Each structure stands twice: as structure tokens, then as C-alpha cells.
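Here's the structure we're looking at; comments come further down.
The values are calculated or read from the model by the stated rules, or taken from the named source; none is laboratory data. A quick note: this is a predicted structure, and the numbers were derived from the prediction, not measured. Counting neighbours? That spans all protein chains shown, and the Cβs are built from the backbone with ideal geometry, glycine included.
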């Protein structure tokens, strides 16, 4: 291998460091997003529970109005019972009165159940609000910590970027463009070393995708300074230091 491939190897080393720090920076930002999502989930849960309480109260209010109307009916039936003129009329009114009272009792039970649900939901709201307050504190802690780390990573990225630019100057423009395209496809890993699978049979493979390579490929890399790409994964093939003799 000549200066072009050696230059790409140096550039790959810097590229790996650059992407590693960028990954750390991305993790810092994801930590904040995760905590924000946790807070948003709790807030949505609280809003849903409050809406449920609102609907339950509305249902209870409707039943209260219905019960008031039923109580008025019971009062009228009681008055009519005292004014009954015959046993038949009295019996009929009494039956209707008992039915109305039974219906009222059912409505009262429904109202009581609804109010119990409201109490339970309100208690849950308090618990959720407590979790929200705790999550807000957690978010603030993570944000401060992550912002401090992010500032350090951004500084390191700027420093490594200078190294990258310097290393890139040692690579011809056309080779650099190939490197960038392949690096984007493989999360920065644009190069792949030639691996020897079997010494006796002189079998070789791409260190990136493990597909077989010919001995001729190895010879070309040892005697030329051209970019040779794996026919399977398209990575740029290079020799190990022990092979580059």
C-alpha cells in the first residue's frame, strides 16, 4: 500500500474517534428527551384522570337532578296515598310508591358509587402529581448534568474535527469522496481489512462482511496504491500492518 491507502487508514482512526464522541453527545441529548417524555407521559396521565373525574361528576350531577325529580314524585304519591278513596286506589298508589322508592334507592346507590370513584381518582391524581413533581426535579438534574457533559463533548468534537480536516488533506479529493460515501453507509466504518481465513490454502475474506476475496486482491493491495472495494459490501479494502510488507 502507498500514501493514499495509508492516509485513509489515518483518516479512519480519526473518523472513529470523531463518531464515538458524537455518539456520546447524542446520548446526552437523548437522556434529556427521555426524561422529558417521562414527564409528558405523567402529565397526560394526570389530564386523562382529571377528565375522567369531570365526566364522572357530570354523570353524578345528572343523577342528582333525576333523583330530585323522583323525590318530588314520591312526595306526590305519598300525598295521593292519604287521599285514596278506596282500597283498590290505595293499593295501586302504594305499589307505585314502593316502586318509585326502590328506583330512588338504585339511583342513590349509583350516585354513591360515582362519588367513591371520584374520591379514588382524586387520590390517584395526587399520587400522579407527586410523581410529576419528582420527575420535574429529575429532569432538571439530568438537564444540568447532560448540558455540562455536552459542552465537554462539543469541545472535544471541535478539536478532533481539526485533526480530521488535517488528515483529510493527505487524501486525494476523489478518494476522500469515496471514503465519505462509504463511511455514511456504515456508521463511519469505511475501511475493511483483508483477513486470511486459511494460510495453507491462501483463502482471504473481507473483514467487514466476511465475503471471500481472491489472492489477487491481496497482491494488488501489496503492490499498488489504488482504492479497491469489496464487491459485496463496497467497503474500501486495506491490509493489516503485518500484511503491508
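Summary table
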item	result
Any hit, the range 127-141, residues being farther than 30 Å from residue 28 by Cβ, modelled with pLDDT of 95 or more and out of contact with any strand residue (DSSP E or B) (no Cβ under 7 Å at 6 or more places or on another chain)	yes
Condition check for residue 18: over 16 Å from residue 150 (Cα atoms) and touching a helix residue (DSSP H, G or I) at 6+ places or on another chain (Cβ under 9 Å)	no
Tally of residues being surrounded by 14 or more Cβ atoms within 10 Å (Cβ to Cβ) and part of a helix (DSSP H, G or I) across the range 79-91	3
The lone exception for residue 156 - which of (1) assigned to a strand (DSSP E or B); (2) at pLDDT 95 or above it fails	(1)
Hey, residue 47 surrounded by fewer than 16 Cβ atoms within 10 Å (Cβ to Cβ), in a helix (DSSP H, G or I) and modelled with pLDDT of 95 or more or not	yes
Positions within the range 1-28 being touching a residue at least 40 places away in the same chain (Cβ under 8 Å) and within 16 Å of residue 155 (Cβ to Cβ), in sequence order	17, 18, 21, 22, 24, 25, 28
Flag if residue 100 is outside any helix (DSSP H, G or I) and surrounded by 14 or more Cβ atoms within 10 Å (Cβ to Cβ)	no
Candidate set: the range 53-97, residues that are touching a residue at least 60 places away in the same chain (Cβ under 8 Å) and touching a helix residue (DSSP H, G or I) at 6+ places or on another chain (Cβ under 6 Å); chosen: the one farthest from residue 109 (Cα to Cα)	53
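Condition check ((1) buried (at least 17 other Cβ atoms within 10 Å of the Cβ); (2) in contact with a helix residue (DSSP H, G or I) (Cβ under 7 Å, 6 or more places away or on another chain)) across all residues:
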| residue | (1), (2) |
| --- | --- |
| 173 | no, no |
| 177 | no, no |
| 180 | no, no |
| 205 | yes, no |
| 212 | no, no |
| 227 | yes, yes |
